[in-house]
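Data first, discussion second: the structure below is written as structure tokens.
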Amino acid sequence: MSIEFQIPRNCLAALLIAQFAVLGPHLFRLPLWVAAVAIVCALWRLLLYTGRGFYPSAVLKALLVVVSLVAILRDYGSLFALEPIVALLITTFALKLIEMKSRRDVLVVIFLAYFVAATHFLFEQGIFDAMYVLLAAALVTGALVALHEGAVAHRPTHAVSTSFKLLFQAIPLTIIMFIVFPRIDPLWSVPGTESSAKTGPSDSMSPGDISKLAGSSDLAFRVTFEGDVPPPQDLYWRGLVFNHFDGRQWRAAERKDARINWGDYLESISVEPSTLSRPVKYTVVMEPSRQSWLYAMPLARTKTKSVLQGQNFTLRTVYPLDQRFQYQVTSWQDYRLEGRLRDTRRQQALQLPRGFNPKAREFAQQLRVRSGDDQAFVNAVLRHFNSEEFVYTIQPPKLGTHSVDEFLFGARRGFCEHYASSFVFLMRAAGVPARVVAGYQGGELNPFDNYLLIHEYDAHAWAEVWYPNKGWTRVDPTAAVAPERVESSVNDVLGDEMSQAAINPFLNLRQIPALRWLRLRWDTVNYSWTKWVLNYDTELQMELLENWLGGVSAWRIGLFVTLGGGLVMLIVALSLLSQRVKHKLHPVDKLYLRSARSLRRLGVERGDAEGVHDFAQRVANAQPKLGDSAKRIAYLYSSLRYDFQAGAKPGPEYKANFRKLREEVKFHLQQASTLQKASHSA
Amino acid sequence: MALDSKINEAVDEIGKVLLGKERQIRLALCCLFAKGHLLIEDLPGMGKTTLSHALAFVLRLDYTRVQFTSDLLPADILGYSIYDKGSSQFQFHPGPVFTQVLLADEINRTTPKTQSALLEAMAEGQVTVEGETRPLQSPFFVIATQNPVTQSGTYPLPESQLDRFLMRIELGYPDPSAERQLYMGVDSKEELGKLQQKLSVDDLSSIVMTASAVKTSDALLDYLQRLVEYSRTAEEFAYGLSPRGALALLRSARTWALMEGRNHVVPEDVQAVLPAVCSHRFRAAAHFQGDSAALVHQLMHQVPVIA
């Protein structure tokens with residue numbers, strides 16, 4: 001007999017399936033040759049199992065490792081980033097398959113499989129990803145179970161179904177541990193993945209930038225308000241303020257020391273206390289944009305750590321967002337910002353490049369003179385946009401060097417950035433401080449959970465104009481051209497045009513009621529997942545525990561875990577018991593068992609598998625005084641339960657015998673207790 | 001005289017030559033009364049032949065003994081035809097199988113070919129020789145013996161053939177006092193000759209008749225089904241008891257109840273015959289570290305009588 005370890009067949013099968021389940025989502029991210037290596041290794045393993053293959057020699061193994069290292073270096077250039085490290089892990093994981101010989105090796109591969117499954121979360125954290133990884137982990141556990149079952153002949157599915165059962169039973173405890181387990185901030189940050197593209201407005205704006213975004217129906221961020229959702233015309237999500245114009249491009253020209261203390265800032269902006277008293281509070285969950293600016297409604301203030309507040313009341317993070325990011329904002333819709341403008345700031349807000357757009361400059365200056373004051377001038381420009389034949393379109397014509405001139409006096413077709421850019425140009429040309437603001441406008445209300453979805457196609461650009469004493473005021477020139485853009489979404493206004501131009505042919509589909517219902521329903525689930533699972537941090541945990549337990553202390557958490565775990569066990573126990581309760585004992589059996597149990601205290605215990613006559617004999621031997629009655633009981637029991645043919649109705653003597661048995665048992669119990677007392681007193 | 005007391009007398013009578021083995025004697029009789037064949041598995045010199053001999057004597061049945069060897073051919077058991085010059089015809093010479101009690105000694109020493117020839121006779125109660133089917137005598141019992149230890153050069157009976165035996169019993173060493181009597185006693189051959197007939201063929205058929213009328217209640221069948229179910233689901237068993245096995249168990253339990261003087265079966269009866277009826281029908285699963293006796297023990301002690 002061979003004593004060499006053989007990997008159980010079920011274990012190997014489960015392991016191979018689990019391996020591909022675990023590798024599956026990675027293989028799409030990694031170079032094709034990694035998938036090839038995994039498949040070749042699996043086939044090699046199968047050959048080994050059927051006895052036709054050979055185990056690789058040490059030299060061959062070393063060679064394989066070196067070759068894969070070189071291949072990874074060739075593909076990624078370096079080892080010290082997320083993808084190459086994962087590629088290395090997965091390649092070695094696949095190679096380990098052909099090295100597997102002893103039980104220990106199998107265990108190593110199984111534990112590696114768990115690890116590889118978990119690495120998927122470095123890339124994706126969606127609800128389906130979690131479910132998938134859970135499924136993969138169950139398969140890996142199946143391999144582990146099969147390994148421990150050894151060579152016992154079981155159905156191949158036995159181990160996996162056992163593992164699913166285990167997993168299912170573990171869920172309640174997992175949830176409890178998820179809730180109470182201390183959240184530890186990551187010790188290091190995961191390096192960003194290379195392949196992901198930046199989304200949303202970028203740090204500069206040229207004509208056509210925003211209209212490009214309008215074709216995308218990706219989600220930008222979600223907002224949950226503490227109170228009512230403000231009306232659409234108030235939903236201006238400021239992201240970037242552009243001050244510097246070079247004739248073609250608008251740039252932020254933000255100062256490096258962007259973090260401004262709120263207290264310091266109050267001096268430079270005359271905010272009247274009464275207007276500060278009606279704030280709007282909301283939570284924003286940003287999708288990973290790979291950029292560092294955040295979006296908020298005007299005059300935003302946040303307490304969320306790691307969010308910086310810019311001088312123009314814009315918010316940003318230190319590092320680009322590689323993951324979903326959540327922050328709380330308080331906004332004051334009624335505000336007065338920078339009632340007095342410092343000279344440096346005024347110069348910034350009047351900057352214009354020399355030598356561009358002479359016609360526009362002239363037009364602005366003339367109009368300013370005619371208008372009398374700044375306010376009237378702004379209105380005159382807006383009226384100009386409204387009354388002349390300006391067209392709001394997603395497909396504006398290309399513009400040359402004097403882009404503002406060409407737009408204002410030539411093409412007259414443009415998207416929001418054209419209007420915002422030209423408007424600010426006109427303001428500055430006439431000596432009115434103004435700037436371009438980029439961000440999003442509007443949002444789709446999810447009626448199921450009452451939160452706003454802001455998509456890429458909601459991207460927008462508008463202007464802010466400075467009036468003496470009044471400070472910065474929002475002016476949206478697009479509203480003058482296409483007022484409906486502000487009230488509804490760009491879809492409703494330009495949807496037809498977009499689908500005709502095939503910019504986003506699916507945008508119109510999104511508005512079909514059933515699809516819309518499905519999409520919003522699903523988004524609700526996804527949003528809750530993000531809010532309660534992905535962004536469940538120490539703060540939220542403390543808040544939750546505080547609410548549930550009335551305070552966070554060791555004994556409270558201990559009690560919660562114990563009671564929670566106990567409750568789970570209780571449910572399991574009850575379900576097990578209910579299965580037993582279903583089977584009811586025959587009344588004769590009940591009576592008999594009562595008499596048999598009464599002897600336990602006298603040292604005679606009936607085994608479940610002991611026949612009544614055998615037991616009576618034993619009783620007679622151990623307790624002679626009870627012998628006769630025990631034998632009578634056995635006889636009566638036997639006649640009541642065994643002395644008739646199956647299916648036949650019990651005879652007329654049945655009832656009489658039952659009565660006799662009851663009396664006999666009564667008598668027996670009395671005797672037993674008398675005996676017991678006697679033995680006690682003795 | 002009541003049947004059960006007649007049976008008791010028979011047991012006592014056999015007990016005269018096979019000392020201290022009352023339980024095995026009763027089981028062997030029970031097997032015959034239930035019209036089943038008996039397999040005795042034990043070391044040489046434990047009284048296998050004596051038991052089978054005594055059984056035949058007490059019932060006054062024809063008795064033949066065949067020593068099975070590796071060169072034994074089917075014809076050696078079944079019989080053969082020889083050309084008779086006088087009548088110019090083939091004359092059938094019946095083999096030793098044409099008897100009432102056939103002792104097949106060391107059945108596992110012969111080839112499967114010969115084994116199966118005997119097994120046809122056991123299952124059908126008839127033999128086919130040279131295309132002609134001849135009925136055997138009635139009653140017809142086979143008492144086979146085999147040596148469990150020396151397995152080299154043997155052809156162990158496969159499960160399907162073991163299944164033809166209603167019971168398999170082991171005799172075991174006698175207890176010291178019985179053995180002492182054995183040493184002091186006279187020649188067992190002589191004793192065998194002195195045995196008296198205690199049961200007639202008529203008695204035998206009335207026992208069979210009465211046994212089939214022994215009552216089996218719902219509660220008892222429930223117990224039987226629990227046993228069967230356990231053997232089929234417990235992990236230690238490679239496979240469970242077949243319906244034929246379960247029927248064999250029930251039939252034996254009925255006969256046992258009759259021998260105990262009862263007109264109905266109680267779980268004790270089932271438990272009494274369970275090891276003999278079932279141990280050769282079980283095989284332990286690969287991971288179970290016990291033999292079939294351990295399985296029977298587990299079955300008997302795990303399945304509740306009242307549930």
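Please treat every number below as a calculation from the coordinates, not as lab data. All values reported here derive from a predicted model rather than from experimental measurement. Here the Cβ positions follow ideal geometry from the backbone for every residue, glycine too, while neighbour counts run over all protein chains shown.
Brief remarks follow.
- Highest-fluctuation residue, B:70, B:292, B:152 considered, GNM on chain B with Cα pairs under 10 Å: B:152
- Ordering A:328, A:451, A:120 by the projection of their Cα atoms onto the charge dipole of the protein assembly as shown, which places +1 on the Cβ of Lys and Arg and -1 on the Cβ of Asp and Glu, puts A:328 at the extreme positive end.
- Of the residues B:160, B:279, B:52, the one that moves most in a GNM of chain B with alpha-carbon contacts below 10 Å is B:160.
- Averaging Cα coordinates gives a centre for the stretch B:261-307 and one for the stretch A:89-157; these two points are 42 Å apart.
- Within a Gaussian network of chain B (alpha carbon springs, distance under 10 Å), most fluctuating of B:126, B:89, B:24: B:89
- The dipole here belongs to the stretch A:587-681: it is taken about the Cα centre, uses +1 on the Cβ of Lys and Arg and -1 on the Cβ of Asp and Glu, and is about 360 debye.
- Within 10 Å of each Cβ in A:371-382, the average number of Cβ atoms from other chains: 0
- Here the dipole of the stretch B:139-296 is about 340 debye; that uses its Cα centre as origin and unit charges on the Cβ of Lys and Arg (positive) and Asp and Glu (negative).
- Number of partner chain Cβ atoms within 10 Å, mean per residue of B:277-288: 1
- Shielding of peptide B:207-219 by partners, expressed as the average count of other chain Cβ atoms within 10 Å per residue Cβ, is 3.
- Look at the dipole of the stretch A:603-682 built from charges on Cβ: of A:675, A:611, A:623, the Cα furthest out on the positive end belongs to A:675.
- 222 nm mean residue ellipticity, helices alone, for the protein assembly as shown (DSSP H n ≥ 4; -39,500 (n - 2.57); rounded to 500): -16000 deg cm²/dmol
- Gain upon complete extension [residue A:569, residue A:318; 0.36 nm per residue less C-alpha separation]: 85.7 nm
- Take each peptide in A:167-176, B:96-105, count the other Cβ atoms within 10 Å of every residue, and average; sorted highest first, the result is B:96-105, A:167-176.
- Net dipole in debye of the protein assembly as shown [+1 Lys, Arg Cβ; -1 Asp, Glu Cβ; about Cα centre; nearest 20]: 1520
- Above-threshold pairs, the threshold being 31 Å between Cα atoms, out of B:48/B:198; A:584/A:666; A:165/A:531: none
- Descending semi-axes in Å of the stretch B:213-302, equivalent ellipsoid built from Cα gyration tensor: 24, 12, 10
- Directionally averaged projected area (convex hull, Cα atoms, chain A), nm²: 50.7
- Both numbers refer to the Cα atoms of chain B; Rg and Dmax are 20.1, 72 Å.
- The value of relative contact order for the stretch A:587-681, using C-alpha pairs under 8 Å at least six residues apart, is 34 percent.
- Applying a DSSP loop filter and a limit of 16 other Cβ atoms within 10 Å to the trypsin sites (Lys or Arg not before Pro) in the stretch B:9-76 leaves B:16, B:60.
- Trypsin sites (Lys or Arg not before Pro) restricted to the stretch A:52-154 and DSSP loop, no more than 16 other C-beta within 10 Å: A:52, A:101
- Chain B: angle of helix B:48-59 to the longest principal axis, Cα-based, in degrees nearest 10: 80
- Acute angle (nearest 10 degrees) that the helix B:201-212 long axis makes with the longest principal axis of chain B, alpha-carbon atoms: 30
- When you restrict to C-alpha pairs under 8 Å that are six or more residues apart and normalise by the size of chain A, the relative contact order lands at 12 percent.
- Summing charges over neighbours of residue A:466, with a neighbour being any other residue whose Cβ is under 14 Å away from its Cβ, gives +4 when K and R count +1 and D and E count -1.
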